[in-house]
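*Asks:* One structure, pasted below without further comment.
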Amino acid sequence: MTTGNEQPATANGLTAPAWSGLAAGTPGTAIPAGIPQTQSQAGSGVPVARARRVLSLSAGGMPGMDTLCGALLGLADFGITEFDLICGASAGSMVGSLLATGRPIHTLEAVLRGLTDSNVRSERFAWQMRLFWIRYFMDNDRIKRLLNDLLPASFSALKIPLEVNVTLDQTGLGITLNDNSAPLPLAVMASAAIAGVFPPVSLPGRSGLYSDGGTTNYCARPLLPLGPTDELWMLIATPPYAYTPANESVLSRLMMNVHLLIEDQITDTIEAMRAQYGNRVHVIRPTCGASAGTLHFDHTLIDQARKETGQILRAAPAQPSMGAV
């Protein structure tokens, strides 16, 4: 990894901090010391080594997909585009699975911007009148069709190894799926099946029902420990908790508790990863939030998160502190 004494590199007109791994004079190419991984140095075709990178993509609902995409675009602006393992929960599993197919980030952006709420939302008949007698209020037929169209059938067909986090309803335990023991589209659908919103998912060859991976592993911790020089990039789609006393109601107070539980899990995960891996953990957490709730896309977040990610990267110190990079 480059040191603070070296000249920072630039990518797409932006200046990268020294710790980002961008070598001076080679925009878009990360060349920190570490586990040998080869890639071609930009414009030269010369193989160089870089540290292995693990990408963690958090939960965050439908707008969380927009935020994660924007954060990935912000990383790409600094030449950080290649990852060797992707971990995702809920919204993070959706974005991560698309990225793991080998799609360039700008292609992923085009796919996401082309989605509307109707691509995933399929509300059940008169669900408001049956709220206390039904287990969920949206069918998963549309999201199932979408994932079958966008993803290969198996984990082994992916270009980048992927870990998908789900929750086993019967035990409340978080489970990581990373092989062909479950079809890829079904695994991702289970990871995104918010309890009470979508139905839980049955996985062939596995007992029980599976639902939202963000419930038990919101920030998608990698299953296997990092190597001695590996980097962990944690992209968190949910903005930091902020108390808003105006227009309080019973429902808003209940949701406040949910947000506090999420915030506590995020903090615990970041602290645990930092305690284990130190400044090799880089956290990107844009502050932009959804304007219409967690069950609606908000594609304006893509540009907002991209801009904020650039600001975070430019301002980051050589040894990042929790909550920054």
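The values are calculated or read from the model by the stated rules, or taken from the named source; none is laboratory data. Since we're looking at a predicted model, the values are computed, not measured. Cβ sites come from the backbone with ideal geometry, for glycine too, and all protein chains shown count toward neighbours. The protein model used for the area step is the full one, side chains on, heavy atoms only, and it has no ligands, DNA or RNA in it. Shrake-Rupley method; radii C 1.70, N 1.55, O 1.52, S 1.80 Å.
*Asks:* Suppose we keep only residues that are in contact with a strand residue (DSSP E or B) (Cβ under 8 Å, 6 or more places away or on another chain) and of a type in the set (D, E, K, R) within the range 263-281. Which one would you say is surrounded by the fewest Cβ atoms within 10 Å (Cβ to Cβ)?
*Replies:* Arg274
*Asks:* So, in the range 111-138, exactly how many residues are of a type in the set (D, E, K, R) and either touching a residue at least 60 places away in the same chain (Cβ under 8 Å) or open to solvent by less than 40 Å² (accessible area, probe 1.4 Å) (or both)?
*Replies:* 4
*Asks:* Restricting the range 49-90 to residues that are open to solvent by 20 Å² or more (accessible area, probe 1.4 Å) and part of a strand (DSSP E or B), which is modelled with the lowest pLDDT?
*Replies:* That would be Ala49.
*Asks:* While we're looking at this one, here's another question. Scan (1) open to solvent by 60 Å² or more (accessible area, probe 1.4 Å); (2) touching a Leu at 6+ places or on another chain (Cβ under 8 Å) for the single condition Ile284 breaks and write down its number.
*Replies:* (1)
*Asks:* With the condition kept exactly as written, say whether any residue in the range 207-216 is more than 25 Å from Ile143 (Cα to Cα) and either of a type in the set (Lys, Arg) or in contact with a helix residue (DSSP H, G or I) (Cβ under 9 Å, 6 or more places away or on another chain) (or both).
*Replies:* no
*Asks:* Considering each residue of the range 185-240, count those that are under 21 Å from Pro161 (Cβ atoms), open to solvent by 20 Å² or more (accessible area, probe 1.4 Å) and not in a loop (DSSP other than H, G, I, E, B), and give that number.
*Replies:* Here the count works out to 1.
*Asks:* From Leu112, Leu98, Leu131, Leu147, which residue is of a type outside the set (D, E, K, R) and more than 23 Å from Pro199 (Cβ to Cβ)?
*Replies:* Only one candidate passes the filter, namely Leu112.
*Asks:* Still on this structure, please answer the following. Looking only at the range 241-262, count how many residues are surrounded by 12 or more Cβ atoms within 10 Å (Cβ to Cβ), of a type outside the set (Val, Ile, Thr) and not in a loop (DSSP other than H, G, I, E, B).
*Replies:* Total meeting the criteria: 6.
*Asks:* Show the residue pairs that are 6+ apart or on different chains and have beta-carbon atoms under 9 Å apart, the first residue being within the range 273-300 and over 20 Å from Thr116 (Cβ atoms) and assigned to a strand (DSSP E or B), the second being open to solvent by 30 Å² or more (accessible area, probe 1.4 Å) and modelled with pLDDT of 90 or more.
*Replies:* Val281/Arg274; Val283/Arg274; Val283/Ile312; Ile284/Glu308; Ile284/Ile312
*Asks:* Which pairs do you get when a residue that is under 21 Å from Asn217 (Cα atoms), found in the range 244-263, comes within reach of a residue that is surrounded by 10 or more Cβ atoms within 10 Å (Cβ to Cβ) and at pLDDT below 80, reach meaning Cβ atoms under 9 angstrom, with the pair 6+ apart or on two chains?
*Replies:* Filtered contacts from the range 244-263: Met256/Glu248.
*Asks:* Evaluate the following for Ile160: is it in a loop (DSSP other than H, G, I, E, B), in contact (Cβ under 8 Å) with a residue 40 or more places away in the chain and closer than 20 Å to Gly96 by Cα?
*Replies:* Considered against the rule, which asks whether it is in a loop (DSSP other than H, G, I, E, B), in contact (Cβ under 8 Å) with a residue 40 or more places away in the chain and closer than 20 Å to Gly96 by Cα, Ile160 comes out as yes.
*Asks:* Report yes if some residue within the range 78-90 is out of contact with any Ser or Thr (no Cβ under 6 Å at 6 or more places or on another chain), of a type in the set (Asp, Glu) and within 22 Å of Ala157 (Cα to Cα); otherwise report no.
*Replies:* Checked the range 78-90: at least one residue is out of contact with any Ser or Thr (no Cβ under 6 Å at 6 or more places or on another chain), of a type in the set (Asp, Glu) and within 22 Å of Ala157 (Cα to Cα).
*Asks:* I'd like to check something: does the range 99-110 contain any residue that is surrounded by fewer than 24 Cβ atoms within 10 Å (Cβ to Cβ) and either closer than 16 Å to Arg285 by Cα or within 8 Å of the chain's Cα centre (by Cα) (or both)?
*Replies:* no
*Asks:* Right, something else. Quick check on the range 139-169: of everything there that is open to solvent by 20 Å² or more (accessible area, probe 1.4 Å) and acidic (Asp, Glu), which residue is nearest to Asp212 (Cα to Cα)?
*Replies:* Per the stated criteria, the residue is Asp169.
*Asks:* Mind telling me which of the residues Arg274, Arg253, Arg280 ends up being of a type in the set (D, E, K, R), over 20 Å from the mean Cα position of the chain (by Cα) and over 20 Å from Leu68 (Cβ atoms)?
*Replies:* Sole residue among the options that is of a type in the set (D, E, K, R), over 20 Å from the mean Cα position of the chain (by Cα) and over 20 Å from Leu68 (Cβ atoms): Arg253.
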